[in-house]
Amino acid sequence: MSAPVRVWLNRTYAENVFFIDLLRAAPVEVFATHVDIDSPVLAAADHGLPEPDGLTPEAYLEFALDFCARHRIDVFLPRLHQEVAARHRAEFEALGTALVCPPAEGIATFADKVDGYVAMAAAGLPVPPWYRVRTAGELLAAVAELEEMGEQPCLKPASGAGGEGFRTITREPFSLRQLHGWPGGSVQLDQLAGALAAAPGSVDLLVMPYLAGPEVSVDCLADRDGRVLAAVGRTKSGRRRSFTTDPVYLEPARRLVETFGLSYLSNVQFRHFRGAPVLLDINTRPSGGLHQLRLCGLNLPLAAVQLALGATPVLPALGDLPGTDYALVSSIQPVLPVPAAVSAPAPVAAPVTVELPVTRLTPLTAALA
């Protein structure tokens, strides 16, 4: 890559301070924007800038095109309004900006979880039972059917990220026992049905059986045509983390990415239904835990930028994966000083530090299992 390559990350997750660390293996100049001036990605970038809040997708597109033009951005990794940016890829390319994201059609397919499950089932990929619920009657019918199958019902929004809105569904009435300890992640069926019946607007929920762990999260890198170049699974069981290249996970992940043309960076999550892996969630963006693959010798953020610029990344052959399991713990990351407004793309001032819920990699010995 020519130096320095200007890379922009918009409103990305706090944990992507580590994504930025990996980009620095090459000569890059990193721009990051966020509405939260305390986001640590702003201090981790060369240029941490505020961005406007509350814009419509169309207005945000205009902001993004102007930002790329004014700052001569070479590579844009959109998270917020990713689909809108992808639909206007040609306009960014006319400015000399390459987008690191899949085609808009692939993004749209998985923006709604129900649409995603329908598409994956049609492609012959393994999906769990699921029910789209918009009314109290549909909720009660879905829960009854799952309970008849001997499954624990749970629900989550039909769209969303990061496990937000996930609840298990219980018939147990509320009691003082539920005030002991930490708040639980369950919702009482009758209360939920009543809330659905009284909802003033439309509701769109997904009801499914609770899926057993471990969760396996497969990080994928694909070329601009959607052909998978690298994929590694990260297993999560409680605090314990490890890596896998078991074909039972990697093969359906590869088929999914290539079927739907999910170019560049994506993440395919599995859990287990009656002992068999099933697809849980598809992220058409890099996962927050992507940096963990550095333990396997992989720098997928840098490889994606190289692909966007027309280069062929050199990827190491994956032999034996690291044998030591590990855990994630919080660390201290810098934030911008107060006052935090930054109006020009200049290197940030000396940061102050606060403790934030981002992660470092810490070995976890087998003796702690």
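The values are calculated or read from the model by the stated rules, or taken from the named source; none is laboratory data. Here the structure is a predicted model, which means the values were calculated and not measured. In this analysis, Cβ positions are derived from the backbone assuming ideal geometry, glycine residues included, and neighbour counts consider all displayed protein chains. Protein only, heavy atoms only, side chains kept; ligands, DNA and RNA dropped before computing areas. Shrake-Rupley method; radii C 1.70, N 1.55, O 1.52, S 1.80 Å.
Side notes on the structure shown:
- Residues satisfying the stated conditions in region 312-339, i.e. more than 25 Å from the chain's Cα centre (by Cα) and touching a residue at least 60 places away in the same chain (Cβ under 8 Å): none
- For first residues located in region 192-214 and charged (D, E, K, R), partners that are at pLDDT below 90 and lie 6+ apart or on another chain with Cβ distances below 6 Å form the pairs Asp204/Ala158.
- You will find that of Ala121, Ala86, Ala90, the residue that is of a type outside the set (D, E, K, R), in a helix (DSSP H, G or I), surrounded by 17 or more Cβ atoms within 10 Å (Cβ to Cβ) and without any contact (Cβ under 8 Å) to a residue 60 or more places away in the chain is Ala86 and no other.
- Within region 53-67, tally of residues that are in a helix (DSSP H, G or I) and free of Cβ contacts under 8 Å to residues at least 40 places away in the same chain: 9
- Every condition in (1) closer than 24 Å to Leu95 by Cα; (2) open to solvent by 10 Å² or more (accessible area, probe 1.4 Å); (3) hydroxyl-bearing (Ser, Thr, Tyr) is met by Tyr13 except one, and the failing one is (1).
- Failed item in (1) of a type in the set (Lys, Arg); (2) assigned to a helix (DSSP H, G or I); (3) under 24 Å from the mean Cα position of the chain (by Cα), with Arg70 passing the rest: (3)
- Given (1) over 24 Å from Gln269 (Cβ atoms); (2) modelled with pLDDT of 95 or more; (3) open to solvent by 40 Å² or more (accessible area, probe 1.4 Å), number of the condition Pro126 does not satisfy: (1)
- Residues satisfying the stated conditions in region 259-311, i.e. on the phi > 0 side of the Ramachandran plot and not in a strand (DSSP E or B): Gly261, Arg274, Gly275, Gly297, Gly310
- Candidates are the residues of region 142-176 that are open to solvent by 80 Å² or more (accessible area, probe 1.4 Å) and either closer than 21 Å to Ala111 by Cβ or outside any loop (DSSP other than H, G, I, E, B) (or both); the one that is modelled with the lowest pLDDT is Gly162.
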